[in-house]
1. Could you identify the single residue in 203, 214, 190 that is surrounded by fewer than 24 Cβ atoms within 10 Å (Cβ to Cβ) and more than 21 Å from residue 136 (Cβ to Cβ)?
2. Search the range 268-291 for residues that are in contact (Cβ under 8 Å) with a residue 40 or more places away in the chain and not assigned by TED's automatic domain parsing to the domain that holds residue 238 and pair each with any residue that is within 12 Å of ligand 2 (Cβ to nearest atom) and part of a helix (DSSP H, G or I) when their beta-carbon atoms are under 8 Å apart and the residues are at least 6 apart or on different chains.
3. Any idea which of (1) within 30 Å of residue 207 (Cβ to Cβ); (2) touching a helix residue (DSSP H, G or I) at 6+ places or on another chain (Cβ under 8 Å); (3) not in a loop (DSSP other than H, G, I, E, B) is the one residue 74 doesn't satisfy?
4. Given the condition assigned by TED's automatic domain parsing to the domain that holds residue 325, without any contact (Cβ under 8 Å) to a residue 40 or more places away in the chain and more than 16 Å from ligand 2 (Cβ to nearest atom), answer yes or no: does some residue in the range 119-127 qualify?
5. As an exercise: evaluate residue 84 against (1) away from ligand 1 (no atom under 16 Å from the Cβ); (2) in contact with a helix residue (DSSP H, G or I) (Cβ under 8 Å, 6 or more places away or on another chain) and give the number of the one condition it does not meet.
6. Which residue pairs have Cβ atoms under 7 Å apart, sit 6 or more places apart or on different chains, and have a first residue in the range 166-177 that is assigned by TED's automatic domain parsing to the domain that holds residue 191 and under 19 Å from residue 300 (Cα atoms) and a second that is in a helix (DSSP H, G or I) and within 16 Å of ligand 2 (Cβ to nearest atom)?
7. Mind listing whichever residues of the range 117-147 are within 16 Å of ligand 1 (Cβ to nearest atom), crowded, with 22+ Cβ neighbours inside 10 Å and closer than 20 Å to residue 272 by Cβ?
8. Only one of these is within 21 Å of residue 223 (Cα to Cα), at pLDDT 90 or above and surrounded by 12 or more Cβ atoms within 10 Å (Cβ to Cβ): 39, 61, 94. Name it.
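The values are calculated or read from the model by the stated rules, or taken from the named source; none is laboratory data. Owing to the predicted nature of the structure, the values given are computational and were not obtained by experimental measurement. Quick reminder, even Gly has a Cβ in these numbers, built from the backbone with ideal geometry, and neighbours come from all protein chains shown.
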Ligand code: PEP
Ligand code: MN
């Protein structure tokens, strides 16, 4: 249940609502915004629901009271009607300006990451991606530079002046990642690693949660709910393709229908990763444009100075030239959708 206060409701009116809820042995969650919303995250006994709603509806300062029907509560728009908007460095998630995350699949060394960071920042990217701990299907595949990769990411992020994101695969590594990068990435394979979700939730560090390849939208949002219930409000959802019906042409099936659905049922920012979504570089730009047309709040795209030499995901990685052309195409769709792309920033 969520109680939305009128604009200008007084502190006494807010306190009275809070006390009424708490007198029924229920906890409250205050959500300040343009108007104050007061949530009751836990389940309310069935026989108490309607009488409590009626009691709250007639209290001074109350605008409306809504019961949350979804399995996920804190992630739902019923509970939190306003879109969540927050900034990390120069990037805004959920706002009018799109977030543009770009960089290599894996951090391969200082020179590779620095060159990529400069190029993508110069083309408008405002977050640098790069994996240091890689979840690879085969144990024989390149596993990432681990701690050294994280140190490189931190150095390059600072030198180039760009926010950073990298994947965290286990709960014990949340602290280490949080020390080195601005956003924790929880990968598709880890979407239901509940101890990891709990630890990342407690860390309060911004988190981008990727949808599991076989996860339903409700499962995806319930995973986000773990982050939210453990106190993390800076959560970004990322659609990256679901298990495909046909792998002949694409690696995954990018479920762009998830974008308007997620935007309607949840208040959290939604990012699309067309690189893992299709798995083929030449089709990434079309899906990036489609994602923005569908209402996504930003993109995550793999870019490498020389994609043929990329140690992971070479086939889906864009060259700097291809990324530039993609940004140009995406900007047209952004304009039509009333959104804007971040302006390229050159370090002063
Ligand atoms: C990644 O973005 O580095 C990655 C491994 O993607 P996913 O978890 O979506 O497979
Ligand atoms: Mn990759």
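1. 203
2. Within 8 Å, no pair qualifies.
3. Only one criterion in (1) within 30 Å of residue 207 (Cβ to Cβ); (2) touching a helix residue (DSSP H, G or I) at 6+ places or on another chain (Cβ under 8 Å); (3) not in a loop (DSSP other than H, G, I, E, B) is unmet by residue 74, namely (3).
4. No, the conditions are met nowhere in the range 119-127.
5. Looking at each condition in turn, residue 84 falls short on (2).
6. 166/153; 169/190
7. If the condition is that a residue be within 16 Å of ligand 1 (Cβ to nearest atom), crowded, with 22+ Cβ neighbours inside 10 Å and closer than 20 Å to residue 272 by Cβ, then 120, 125, 127, 128, 129, 130, 131 are the ones that fit.
8. From the options 39, 61, 94, the qualifying one is 94.
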